[in-house]
1. Kindly list the number of the only condition in (1) in a loop (DSSP other than H, G, I, E, B); (2) over 13 Å from the mean Cα position of the chain (by Cα); (3) closer than 15 Å to G8 by Cβ that fails for A57.
2. In segment 59-105, which residue that is among the β-branched types (V, I, T) and under 20 Å from R45 (Cα atoms) is surrounded by the fewest Cβ atoms within 10 Å (Cβ to Cβ)?
3. Kindly list the number of the only condition in (1) surrounded by 15 or more Cβ atoms within 10 Å (Cβ to Cβ); (2) touching a residue at least 40 places away in the same chain (Cβ under 8 Å); (3) within 17 Å of T9 (Cα to Cα) that fails for A121.
4. Can you name every residue in segment 23-50 that is touching a strand residue (DSSP E or B) at 6+ places or on another chain (Cβ under 8 Å), closer than 26 Å to E115 by Cβ and not in a helix (DSSP H, G or I)?
5. For the condition surrounded by 15 or more Cβ atoms within 10 Å (Cβ to Cβ) and in contact (Cβ under 8 Å) with a residue 40 or more places away in the chain, what is the one hit in I50, I25?
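Please treat every number below as a calculation from the coordinates, not as lab data. Remember, it's a predicted structure, so these values are computed and weren't measured experimentally. Positions of Cβ are backbone-derived with ideal geometry, glycine not excepted, and every protein chain shown enters the neighbour counts.
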Amino acid sequence: MRDPLLYGTDADADRLLRDTSLWFIVGLGNSPDRAAYGVALTLQRHGKRIVPIHPRAEVVHGQAGYPSIAEAAADLGAPDVVDCFVRADRVGAFVDEAIEAGAGAVWLQLDVIDEAAAQRAASAGLTVIMDRCPAIELRRLRP
């Protein structure tokens, strides 16, 4: 059985999808072929302000990008959610950046599993959702 503190519950996911507005999306670039591109558009259509976090800092879906979570937070304030579209072996550093930036939650996408990073986030008081996709959860929890 998965630890709900590390993987989140349906109630956690529903609350984040309902009650948050500022989402930093790590790995979001301007490539329509990437999952992050479509998920970000879905979140935007559901009223979320999306902020691309990518080394190229591209404008995506009309939103200016930033090369790091820290730089985006310096301009925009602490994010409600940091949604991570990076490989599991790289996500820990982004989770740590999210903690430092004062994020309210981290959301690790499908197959992005790092229980040690999730534990650090949970211990810091962040809500953690891991191995789930917000676009799928929107359709499932908020039809």
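1. If we test A57 against (1) in a loop (DSSP other than H, G, I, E, B); (2) over 13 Å from the mean Cα position of the chain (by Cα); (3) closer than 15 Å to G8 by Cβ, just (3) comes out false.
2. My answer is V59.
3. The number of the failed condition is (2).
4. W23, F24, I25, V26, G27, L28
5. So the residue among I50, I25 that is surrounded by 15 or more Cβ atoms within 10 Å (Cβ to Cβ) and in contact (Cβ under 8 Å) with a residue 40 or more places away in the chain is I25.
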